[in-house]
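Single-structure report; data block below.
The values are calculated or read from the model by the stated rules, or taken from the named source; none is laboratory data. Keep in mind that what you see is a predicted model, and the values were worked out from it rather than measured. Counting neighbours? That spans all protein chains shown, and the Cβs are built from the backbone with ideal geometry, glycine included.
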Amino acid sequence: MITVKDFYLVRTPLQSIQFLDQFEQIDMAALPARLQSLFQDPAMQEAIYIASPELYQELMKWLQGGAGSEKMCMALYRYVLRMSTRCTPYGLFAGCATGHYAASTAIEIGQEHKKHCRLDMNYVAELAAMIAQLPALKVQLRYFPNNSIYPVADTFRYAGFTVKNKFRNYELAAVSRTPYLETLLAVARDGATIAELCAAIVDEEITEEDAREFIDELIINQLLVSELEPTVTGEEFFSYLLKRLSTLSGTGAIAATLAQIQQLLSDTTTGVDKYLRTHALVQELLPDTKSKDLVQTDLFLATTQNTISATLIRDLQDQVLPLWKMARPNTNTDMSNFMNRFRERYEEQEVSLALALDNEAGIGYGNSQSDHTPLIDDLVIQNNEEQTNLQWSQLRSFQLEKLHLCMQQGKTSLELTDADLETLKSPVPVVLPSSMYLMGSLHGSSAETIDGGEYLFEFNGFSGPSSANLLGRFCHGDAQLLAHVKECLREEEQQDPDVIYAEVVHLPEARTGNILLRPQLREYEIVYLGNGSVAPDKQFPITDLMVSIRQNKIVLRSRRYNKRVIPRLSTAHNFARNSLPVYHFLCDLQSHTVTGWQWHLPVQPAFLPRVTYKKIVLGKATWHLQKGDDLKALQLPRYITIMEGDNELYIDLQNQVSVKLLQSMLEKKEKLTVQEVIGTPDQCWIKGVGGRFTNEVIIPFANKVSASASVEAITREPVRRFITGSEWLYIKLYGGSKTSEDVLTSVIAPLIAHVEAAQLVDKWFFIRFNDPDHHIRLRFHNSSDPTFWQQILHLLYEQLGQYQKQELIYKVQTDTYVREIERYGAETMEFSEQVFHADSKAVLNCICQLEGEDGERYRWLLAARGVDVLLQDFGFDLAGRAAIMKVIREGFFREFGGSQDLQTQLNSKYRQEMRQLSSFLDPRQDGENGIEGLFDERSAFIRATVPPGIPADYLLPSYIHMFLNRILLTGQRKHELVLYHFLSKYYDSQLAIQKKAGTFQK
C-alpha cells in the first residue's frame, strides 16, 4: 500500500512573479536606469555577490558612477528573471520550507527568511589539509588507515589522490604487504598518534627516526589519513574542525580566525560586508583564495501559512500512481555489463566487493580505469546507449502514432487515457521502491479553486529510493525537516528488519561536499575515502562487503554482521560523472525513476504538443527554434522558457527586454528549445509580499511493501546455466562463413534428422557468431537421457572428420549455455527457446535450397519474407507491422550514421528491388517463386503455442534479429539495415494503397 507522508517541502523564488512587472513597459534604453534603482537594495546586492562576486564588483563600480555595459545589464536582468521565476534553490535566489497537510490549502511567504551560510567545502578541505601539515599539530593528531585499502595477493591496493587546480584526481595505487605495514595499519584501526605508531614498530632493527620517516611516507602517500579528513555526514565539518582544534595545543591563532569566520557567517545582517571580511580572513590562512564560490548559502523561507489540502493530495496521488505503468526497468549498461562479467568470471560465487571492482584483479565497473591519463581523464563522453539500442520501443511507436494524430487534427495537446497507460505498460514489471518522492509544481488561480479541483500539476518526476534524496542536503538548516526525514528512513528500514540500510559516505571532490553535506540520517554507513559520523562498529569499510548475484539481483552482505546490506545515498548528487568505481557502483544499486514525458522520435519536429494525463502535465508544449524563424508566425504563447540543459530562462514575449534576450541568444546559438510556461502569473496561487510566487513541491511517499522482499520474491526464475552433461549441450564450431554454411547443410541437417528420429533431442537451435572469429553455436536439449550429449558429440565428430583434417573446421569447443533471461524474460524463456527451435528448422530448410550467386539473391528475399511472416504469426496487422518496422529501421539507420547520403542510397536500392520484393512478400506468388511452405511449420507452431498476454512487441525485435542472424551468411547488421528499410517502405506503400482504395487488409 502506498501512502503519502505527513509533510512536504515547498520551494519558491526569492521574489514574486509580479516583481517582473517593473520591467514590463521598458525598452533596452530604459533598462540600465531601472536596474540601477533596483540594485541599490543591499539585499539584492547580497544575492548577486553570492551568485557571482565578479558581477558584484562590476555592479558596484557602475552604481558608484563607473561605466556600465549592455552585457552586464543583461547578466543582471537574467538574475532578476531567475530570482522571480525559478524555484530550484541557488544561493539567495530561491528557498524552501517544510509544510504539512490540513483541511485546506494555504501557503503564504513571509519576510524574515533564514540564511544558512557556510564556508565552501573546497576551502574547508584546504584549511584542514593545511592544518594537518603543521608540525606542531601533526604530532597531536590521530591517524587511521585509508578506508579504501584492500589486499590483493602480496600487495595492498588503495585509491589516492593528487590535487590540481583545487580538484582531486584519484588513481589506484599499490604497495607491497610487509609485516611493518600490516602492524601499523592494525594499530591505526581505531586511531593512533604518530608517537603510538612509531612505538609499534621500533625494534632492534628499526630506530625511532626510521620509524618516523616510514610513517611520514605512509601519510604523504595517503595510506594513513588524519582525523581531519573531511566528512560529509554528521556535524558540519567546519564546526567539527573548530571543536577539534580547541582540544589541541598551539592552535590559538588559527582557531581564533576560524571562530571569527564562523561568527561572520552566522550573522543575519543583510549585505555583503560579512562576506568580504570572511574572504580577508580566509586569505590570511590561504593567500591564493578567490572570492568566487567562497561561501555556500541555503535560503529557508519564512511562511505565515504552509498547508496543502489532504483531500487534494489524495486526489493527486490517485492520478500519479498509475504513471508507474509507464516506468521501464533501469537500462543501466554499466550494471548489466557488470552482472554479465561477474557471472562469466565468478558464476555463483560470493566474492569481496573490493576485489570484484578492481580493474586489474577483478572485473571493474563502468568506464573506470586505474591508469593516470591526464590528457583525457577530464573528458566527459556522453553515453550513446539510446542510439545503439535497437530493441523496438513500444513507447516510441505509440508516440509516433499520437503525434501524427495531433498534427492531423491541429491539436496542441495530447491527452493520455487509462487505456493509453495500459498500452504503454512495461512488459517487465517495475517494483516500486519502499520510499520515494513526487516532484512537481502545483498551478491554479487561487488556493480555493485548487481545493475545488481546478488545478494542473506539472510533473517533474517520481523517484526513489528514497524519499530523502532531494531533502538530505537541506536538513542542516531545518530541524523540522530533519526530524521528518529521519522518521521516513526509519520506517523504510523497519520494513526490512533482516537487512541493513547503510548511508554511502564518500567525498569525490571537495566542492561536491556542498551538496553531499547532510546530518547523520541512518544508523549504519558505508565509508569510502571519507570519515564516517557513526560509531566504528556501525561503519562498513569496503573490505567487509561481499557481493554475489542471486535471482538476477546484486546482493551485498556484511561479513561482520552476516546480513544483507542495502546502500543508500540520501542526497542529490550526479554520481555517474568521473566517479570512482566503488562509489559509482554503490549508488547505481538504488536508482528507480519515473521522469516526465520524454519524446523518443527518430526526427525532432519543430513543435511538440503538451502531454497530459487527467490533471497531470507530463510534458510541456515545446518549440525547436532556429535562427531566422519568424517568431510571430509560430504563434508562441506570451510566456515561455528557454531550455539550456538544466537551466531555464523565463521569457515574456510582450516585454521588449525579454524579446531582445531571446533574439540575441538565438542569433548566437542558432538553435534554441523553448517550452510553454504552465505557471503563468494568473496561475501562481502562493501569496506573499509583492505578489504571487511560482512553486515546486517535493512530496514524500512510503510503500508499505518491503522493497527487498519484493526483490527476493520475483517469479521463479528458470535455471540459467547448463554445463556440459546437463540437459543442454552447447557446441561451438569454428570455421569460415562459407564452410560454416556447408557444415549446416551437409552435416547438421542430416544429423538433426537422425537425432530427432532417434529421439535423442526434443529441441535444438543454432546461431552464427563472431567473437571475433566466425563460428556456429549449436544447442541441443534432452531432459530425459543424461547420456544424450555423449552420443551427439560422437556423431558430430564422425561427420566433421574430413572438415577437421583439412582444417576447415579448426576448433570444436563445448561450453556452458547461459540463458539470456533478462532479454527474453523469465516467463517466456522456454517459449523463446521453442521459437528458436522452430526458426532454426525453417532456416535450415531455406538455406538447403540456396545455390550459387542466385542463391545469395534468394537469401535476402527469403529473409524479408521470413520477417514478414513472423510478424503476422504474432498477430500484427499491416499497420502494426509498419509501426514496428519503422522504429527498428530508425534505430539501425542512426547506428550507421543516419546521413542523407545513406538515405538516398537506401531509397535508390529499394526502387531497384521493389518489384521482386513485392513478389516474394505476396503469398499468392509462392508457387511461382518456388518457396511454398518454407515457413509453414514455424508459423503453425507459433500460432498454436504463443502464450496469452505475451509481450510480443517487446520480444519480436529480438526474434527477428536472431532469425536474420541465422539466415544471413555475413554482414548481418548491414543486411538488417537494408531489409528493415525495404520492409518499412513496402509497408508504408501498402498502407497508402489501402487508404486510397478505402480498404483494410491484414
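Look through region 811-853, keep the residues that are of a type in the set (D, E, K, R) and part of a helix (DSSP H, G or I), and return whichever of them is farthest from ALA863 (Cα to Cα).
Among those that are of a type in the set (D, E, K, R) and part of a helix (DSSP H, G or I), it is GLU822.
Looking at region 193-205, I want the residues that are in the same structural domain as LEU224 (by TED's automatic domain parsing) and free of Cβ contacts under 8 Å to residues at least 40 places away in the same chain and have a partner that is in a loop (DSSP other than H, G, I, E, B) and hydroxyl-bearing (Ser, Thr, Tyr) with Cβ atoms under 6 Å, at least 6 apart or on another chain. Which pairs are those?
Short answer, once both residue conditions are applied: none.
For region 681-696, how many residues are touching a strand residue (DSSP E or B) at 6+ places or on another chain (Cβ under 7 Å) and in a strand (DSSP E or B)?
Of the residues in that region, 6 qualify.
Run GLU422 past the list (1) under 22 Å from ALA879 (Cα atoms); (2) surrounded by 13 or more Cβ atoms within 10 Å (Cβ to Cβ); (3) within 27 Å of the chain's Cα centre (by Cα) and report the number of the one that doesn't hold.
Failing condition for GLU422: (2).
Which of the residues that make up region 766-808 are more than 20 Å from SER840 (Cβ to Cβ), of a type in the set (D, E, K, R) and outside any helix (DSSP H, G or I)?
Of everything in region 766-808, those that are more than 20 Å from SER840 (Cβ to Cβ), of a type in the set (D, E, K, R) and outside any helix (DSSP H, G or I) turn out to be ASP773, ASP785, GLU807.
So that you can scan it fast, the table gives a plain yes or no per residue for (1) over 26 Å from GLU509 (Cβ atoms); (2) surrounded by fewer than 20 Cβ atoms within 10 Å (Cβ to Cβ):
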position: LEU586; (1), (2): no, no
position: HIS600; (1), (2): yes, yes
position: VAL603; (1), (2): yes, yes
position: GLN626; (1), (2): yes, yes
position: TYR639; (1), (2): yes, no
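Within region 89-98, identify whether any single residue is aliphatic (A, V, I, L, M) and surrounded by fewer than 21 Cβ atoms within 10 Å (Cβ to Cβ), and answer yes or no.
No: region 89-98 contains no residue that is aliphatic (A, V, I, L, M) and surrounded by fewer than 21 Cβ atoms within 10 Å (Cβ to Cβ).
Taking the conditions exactly as written (of a type outside the set (A, V, I, L, M), touching a residue at least 60 places away in the same chain (Cβ under 8 Å) and in contact with a Cys (Cβ under 9 Å, 6 or more places away or on another chain)), does HIS476 satisfy them or not?
No.
For region 923-1002, which fully contained helices (runs of 4 or more DSSP H) count at least 3 residues that are surrounded by fewer than 13 Cβ atoms within 10 Å (Cβ to Cβ)?
Correct list: 936-945, 972-997.
Can you give me the number of residues within region 537-575 that are in contact (Cβ under 8 Å) with a residue 12 or more places away in the chain and in a loop (DSSP other than H, G, I, E, B)?
Total meeting the criteria: 12.
Would a scan of region 233-249 turn up a residue that is within 24 Å of LEU470 (Cα to Cα), in the same structural domain as TYR170 (by TED's automatic domain parsing), buried (at least 20 other Cβ atoms within 10 Å of the Cβ) and β-branched (Val, Ile, Thr)?
Yes; the residues of region 233-249 include at least one that is within 24 Å of LEU470 (Cα to Cα), in the same structural domain as TYR170 (by TED's automatic domain parsing), buried (at least 20 other Cβ atoms within 10 Å of the Cβ) and β-branched (Val, Ile, Thr).
For GLN804, all conditions in the list (1) modelled with pLDDT of 90 or more; (2) on the phi < 0 side of the Ramachandran plot; (3) within 46 Å of the chain's Cα centre (by Cα) hold save one; what is the number of the exception?
If we test GLN804 against (1) modelled with pLDDT of 90 or more; (2) on the phi < 0 side of the Ramachandran plot; (3) within 46 Å of the chain's Cα centre (by Cα), just (3) comes out false.
When you scan region 48-71, how many residues do you find that are over 15 Å from LEU38 (Cα atoms) and among the β-branched types (Val, Ile, Thr)?
Number of matching residues: 1.
Okay, residues lined up against (1) among the aliphatic types (A, V, I, L, M); (2) part of a helix (DSSP H, G or I); (3) under 42 Å from the mean Cα position of the chain (by Cα):
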| residue | (1), (2), (3) |
| --- | --- |
| TYR123 | no, yes, yes |
| GLU126 | no, yes, yes |
| ALA129 | yes, yes, yes |
| ALA132 | yes, yes, yes |
| ALA136 | yes, yes, no |
| GLY160 | no, no, yes |
| ALA186 | yes, yes, yes |
| ALA200 | yes, yes, no |
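Quick one: count up the residues across region 466-507 that are among the small types (Gly, Ala, Ser) and surrounded by fewer than 24 Cβ atoms within 10 Å (Cβ to Cβ).
3
Is it true that some residue in region 746-758 is assigned to a strand (DSSP E or B), in the same structural domain as ILE809 (by TED's automatic domain parsing) and either touching a strand residue (DSSP E or B) at 6+ places or on another chain (Cβ under 8 Å) or crowded, with 20+ Cβ neighbours inside 10 Å (or both)?
No, the conditions are met nowhere in region 746-758.
Only one of these is in a strand (DSSP E or B) and either among the aromatic types (Phe, Trp, Tyr) or closer than 30 Å to TYR455 by Cβ (or both): THR311, THR307. Name it.
After ruling out the rest, the residue left standing is THR307.
With the structure loaded, tell me whether GLY596 is more than 30 Å from GLU525 (Cβ to Cβ), part of a loop (DSSP other than H, G, I, E, B), at pLDDT below 85 and out of contact with any Pro (no Cβ under 6 Å at 6 or more places or on another chain) or whether it fails that test.
So GLY596 passes the test.
If only one of THR193, THR207 is at pLDDT 95 or above and touching a strand residue (DSSP E or B) at 6+ places or on another chain (Cβ under 8 Å), which one is it?
THR193
Among the residues of region 226-279, which ones are touching a residue at least 40 places away in the same chain (Cβ under 8 Å), farther than 17 Å from GLN296 by Cβ and assigned to a helix (DSSP H, G or I)?
LEU245, ILE254
Among the residues of region 202-222, count how many are outside any loop (DSSP other than H, G, I, E, B) and over 41 Å from the mean Cα position of the chain (by Cα).
Matching residues across region 202-222 total 9.
May I ask you to list the residues in region 925-939 that are among the small types (Gly, Ala, Ser) and within 42 Å of the chain's Cα centre (by Cα)?
SER939 - this is the single residue of region 925-939 that is among the small types (Gly, Ala, Ser) and within 42 Å of the chain's Cα centre (by Cα).
If you go through region 959-969 one residue at a time, do you hit one that is over 30 Å from GLU827 (Cα atoms) and either at pLDDT below 95 or of a type outside the set (Gly, Ala, Ser) (or both)?
yes
So in region 663-683, with the set limited to residues that are closer than 30 Å to LEU442 by Cα and hydroxyl-bearing (Ser, Thr, Tyr), which one is nearest to the chain's Cα centre (by Cα)?
Per the stated criteria, the residue is THR673.
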